[in-house]
Structure formats: C-alpha cells, structure tokens
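Read-outs: derived from the displayed coordinates by stated rules, not from any lab. Everything quoted here is computed from the prediction, not taken from an experiment. Positions of Cβ are backbone-derived with ideal geometry, glycine not excepted, and every protein chain shown enters the neighbour counts.
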Amino acid sequence: MADSGQHLPGTPPTAAAGEPPRGIRQGSIDSKGRLKLPSAIKEYLANFGENRVFITSLDGRIVRIYPIATWRENEKVLENFNDDPFAAEDISFAAYETGADCDIDSEGRLLVPQELRKRMNLENQPVWLHCHRSRINVYTSQVYQEMAARSTVQRNEKLQMLEKGGLK
C-alpha cells in the first residue's frame, strides 16, 4: 500500500501491525480543517480497533492525536492524580477546551476541531506527524523547526548519556 503522506528519507512507508510507524511524515490541513493521515499512521490507528480518536493540544503548541483507548488511560490518570489535583484539573480543562472526539473517514481524514485550528493557525498549513508514546504529535512549521534545532544542541552529550543507559 502506498503511503499518502510524504516521509523523510530512510523511513519505511508503512508500519508493521501494532507498531507505530517510524519516522516523521509530512501532511497538511485543508481549507475545510481536515487532516489527511498518511497511510502508515492510518494503519497504526486502525490497529486499535476503533475509527475514533481524541485530538487536542495540552500545551498550546503541539496537537496530539490519541487513539481513544490511550485517551481513556489519560482520563484515568487525570482523575486519580493526587500529587497536584489542580494541575490535573488544569490539564484536563486544556484538553477539553480545544479538543474533541473525531472519526477518521474512509479516505483517512479527520476533522481538526475548529477552535483548535483557529488557536494554532492550522488551516492550509503544512504539518509534520510523529508517533510518540502511543499518540501522534502534529507539529506546525514553527514547532518542527524549533524541535529540529533543539535536537542538535549537545547531541553528542545526549547520545553518550543514552548509550550509558542502554541505547545501542
């Protein structure tokens, strides 16, 4: 199956069943607010057995697409987080203020909630998608460029630390 989204050189076009796709893929949000998911990400989400996701931003910078099963786990964490109940309430509020459940249509598109699109200036813009921690992060151009620059800062030191921690 061909991947409908562009992916960076050296990354596979599809993911093995149950595994998140590796690599960062480019996409865009059209004038109607729909995000066309690359096929590898669509397949990954289909492995959860549901056609519905929860899409939001918790920090106002990065859009997060959660399989419903993963978001349900987050709801439990937020409900039962006793170290700082106000922090949990604030993050819950942020999630639901701009977030919503969305169905993935037969063409692999999902409608990004209007308030989220508006606040993050997403319409007719390129975005980059990255699977991380059982969610899909969606980066705007600005955030993607910032993260690319940040990843180069002290890269050798970061690599040495991770190799000591077991990275091969």
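Order of 52, 64 from fewest to most other C-beta atoms within 10 Å? List each step's numbers first, then the result.
Working: 52 15, 64 22.
Ordered by Cβ neighbours within 10 Å, fewest first: 52, 64.
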Cα-derived Rg over Rh, computed across the chain with Rh taken as Kirkwood radius
0.98
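Can you sort 90, 59 by how many other beta carbons sit within 10 Å, fewest first? Walk me through the numbers on the way to the answer.
Numbers: 90 13, 59 10.
Final ranking by Cβ density, sparse to dense: 59, 90.
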What's log10 of I(q)/I(0) for region 79-135 at q = 0.13 Å⁻¹, Debye sum over Cα points only, no solvent?
-0.50
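If we count other beta carbons within 10 Å of each Cβ, what is the order of 153, 112, 143, fewest first? List each step's numbers first, then the result.
Details: 153 8, 112 27, 143 18.
Ascending number of Cβ neighbours within 10 Å: 153, 143, 112.
Return the calculated 222 nm mean residue ellipticity for the chain, to the nearest 500 deg cm²/dmol, obtained by summing -39500 (n - 2.57) across DSSP H runs with n ≥ 4 and dividing by the residue count.
-11500 deg cm²/dmol
Assigning unit charges at the beta carbon (Lys, Arg +1; Asp, Glu -1) and nothing else, what dipole magnitude in debye, to the nearest 20, does region 6-164 show about its Cα centre?
Dipole of region 6-164, to the nearest 20 debye: 660 debye.
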How many lysine pairs does the chain hold where the Cα atoms are under 21 Å apart and the two sit 8 or more places apart or on different chains?
4
